[in-house]
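For reference, the structure is listed below as structure tokens.
The values are calculated or read from the model by the stated rules, or taken from the named source; none is laboratory data. Because the structure is predicted, anything quoted here is derived from the model rather than measured. Cβ sites come from the backbone with ideal geometry, for glycine too, and all protein chains shown count toward neighbours.
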């Protein structure tokens, strides 16, 4: 690939470029709305579609169904990447958004487990699979389409709107869910109101298709098609292009790193506020919305900054800061959301004396020890485990043998462990600052990604080359973050332990980036 900047006389058109950015970003907003909607309602959907009678198991099964969509994203990237390099950027991401919107609307029409039995979760998994396939083709198409219209020196700024659109999709999802809950009483929302946000996808799909149909094909693809240089077999050519295999691996590692930061800032924060800090769902969503809204401009700022200082410099700095700041941010979040919880962790640590215990978080607990650990996890209690002959809990000088919910609850209450967050003690500025800080790190590390990936790969196999490693990184490492981090928490008893997953993935991404990623902002992407 050449390093001289491309000739731009025939590609600069401010009015057209604004339409390109708006149409691509708007479609991405709606696409992420469809995908985020399940994540926000995961707890309720677990009860409706995976009715086991065990709230922890229902949540984990629901998060697993959420992860299934991410599992199929690389396959979608492969299929739609092939079409994007063969047929064109525009028509490929028209298909993906139609597929995503249709699948989301159908979730709103599904019968629940109570109505259809085992068929209900099976149909849900099928639709989540279709969503994953669609999203696997959407991001690459939108990012490439915008980048191939961008003037030299502005690719980071232009494509950062695609990343900001992901945050916009999250905000739209929060707004629709909270608005629906404000209009419908909680029992009605649980019974049927949850379907409304899913069915709204039909309207969003219509708007997105109308806007995107106004677009023409990207100038880079038009030139390749006219010259007869499009790839005959994008997948084969992506693997055989000189140096491309190494670039694919680098793209995968970096994509995994920024993705776990992004999902920690969104779903990791949401589940932490609800399940650990014990905030009611509506309050947790509102605080998350404020943090996301305030930190959203970071996507645009750091995208432009990468045009000035380079993608690698901006990304590496953001990764390094994440490694240093992640645990302090969540500590601040806990202190702001539920000060009593932080005080109890420090002043009244809990130890569980545990005999040999067959504790499987995916099944209903039959053993006394399993029931005890499950109860502590649901209560948001962080605890240490020690081997013993008899099950017992020690807290604040009190030792209770055997598992008795009332006795254990009374001992925890006496020791200062809160059952839920006290609204009068919430330190709003600390909570908002923490949510903003993790949102800032997400914007810092996500903003330059689209431009960087577009610049890494040759034009004729660009859609396939950037989409597949991106969606392996985001689909497998990021998509499974909620279920893996929650599994770590309930397995260890440490409410902060799930953050180690993010730390490890980011650390690997940073090392790979420092060793193998080259600055690419001056690359000629027409080459």
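Quick notes on this one:
- Checking 381, 390 one by one, the residue that is over 24 Å from residue 329 (Cα atoms), part of a loop (DSSP other than H, G, I, E, B) and in contact (Cβ under 8 Å) with a residue 12 or more places away in the chain is 390 and no other.
- Where a residue in the stretch 51-71 is more than 21 Å from residue 130 (Cα to Cα) and its partner, wherever it lies, is modelled with pLDDT of 75 or more, with Cβ under 6 Å and at least six apart: 51/113; 52/58; 56/374; 58/46; 58/47; 58/50; 59/43; 59/46
- Test: residue in the stretch 457-467 that is closer than 27 Å to residue 65 by Cβ and buried (at least 22 other Cβ atoms within 10 Å of the Cβ): yes
- Taking the stretch 401-414 as the range and being under 20 Å from residue 275 (Cα atoms) and surrounded by 15 or more Cβ atoms within 10 Å (Cβ to Cβ) as the test, the residues that pass are 408, 412.
- Residue in the stretch 196-205 that is within 28 Å of residue 150 (Cβ to Cβ), assigned to a helix (DSSP H, G or I) and out of contact with any strand residue (DSSP E or B) (no Cβ under 9 Å at 6 or more places or on another chain) present: yes
- Test: residue in the stretch 77-100 that is touching a helix residue (DSSP H, G or I) at 6+ places or on another chain (Cβ under 6 Å), crowded, with 19+ Cβ neighbours inside 10 Å and closer than 14 Å to residue 38 by Cα: yes
- Any chance residue 156 is part of a helix (DSSP H, G or I) and either in contact with a strand residue (DSSP E or B) (Cβ under 6 Å, 6 or more places away or on another chain) or at pLDDT below 85 (or both): no
- Of the residues 249, 279, the single one that is surrounded by 17 or more Cβ atoms within 10 Å (Cβ to Cβ), assigned by TED's automatic domain parsing to the domain that holds residue 438 and at pLDDT 85 or above is 279.
- Hey, residue 326 surrounded by 21 or more Cβ atoms within 10 Å (Cβ to Cβ), in contact with a helix residue (DSSP H, G or I) (Cβ under 6 Å, 6 or more places away or on another chain) and either at positive phi or in a helix (DSSP H, G or I) (or both) or not: yes
- Considering 97, 162, 107, the condition of being under 19 Å from residue 465 (Cβ atoms), at pLDDT 80 or above and under 22 Å from the mean Cα position of the chain (by Cα) is satisfied by 162 alone.
- Search result, residues across the stretch 344-362 that are part of a helix (DSSP H, G or I) and under 14 Å from residue 495 (Cβ atoms): 344, 345, 346
- Matching entry among 290, 254, 260 (being farther than 23 Å from residue 474 by Cβ and assigned to a helix (DSSP H, G or I)): 290
- Test for residue 395: is it in contact (Cβ under 8 Å) with a residue 24 or more places away in the chain and not assigned by TED's automatic domain parsing to the domain that holds residue 436: yes
- Among (1) more than 30 Å from residue 388 (Cβ to Cβ); (2) without any contact (Cβ under 8 Å) to a residue 24 or more places away in the chain; (3) touching a helix residue (DSSP H, G or I) at 6+ places or on another chain (Cβ under 8 Å), the one test that residue 358 misses: (1)
- Of the candidates 319, 221, the single residue that is in the same structural domain as residue 488 (by TED's automatic domain parsing), modelled with pLDDT under 80, more than 30 Å from residue 190 (Cα to Cα) and crowded, with 17+ Cβ neighbours inside 10 Å is 221.
- Residue within the stretch 129-140 that is without any contact (Cβ under 8 Å) to a residue 24 or more places away in the chain and in the same structural domain as residue 23 (by TED's automatic domain parsing) present: no
- Residue 86 at pLDDT 85 or above, assigned by TED's automatic domain parsing to the domain that holds residue 47 and over 19 Å from residue 72 (Cα atoms): no
- Just one of the listed residues (181, 236, 214, 223) is part of a helix (DSSP H, G or I), in contact (Cβ under 8 Å) with a residue 24 or more places away in the chain, farther than 22 Å from residue 449 by Cα and over 25 Å from the mean Cα position of the chain (by Cα), namely 223.
- Any chance residue 273 is over 18 Å from the mean Cα position of the chain (by Cα), assigned to a helix (DSSP H, G or I) and surrounded by 14 or more Cβ atoms within 10 Å (Cβ to Cβ): no
- Considering 368, 343, 353, the condition of being within 15 Å of residue 399 (Cα to Cα), at pLDDT 80 or above and either surrounded by fewer than 16 Cβ atoms within 10 Å (Cβ to Cβ) or over 30 Å from the mean Cα position of the chain (by Cα) (or both) is satisfied by 353 alone.
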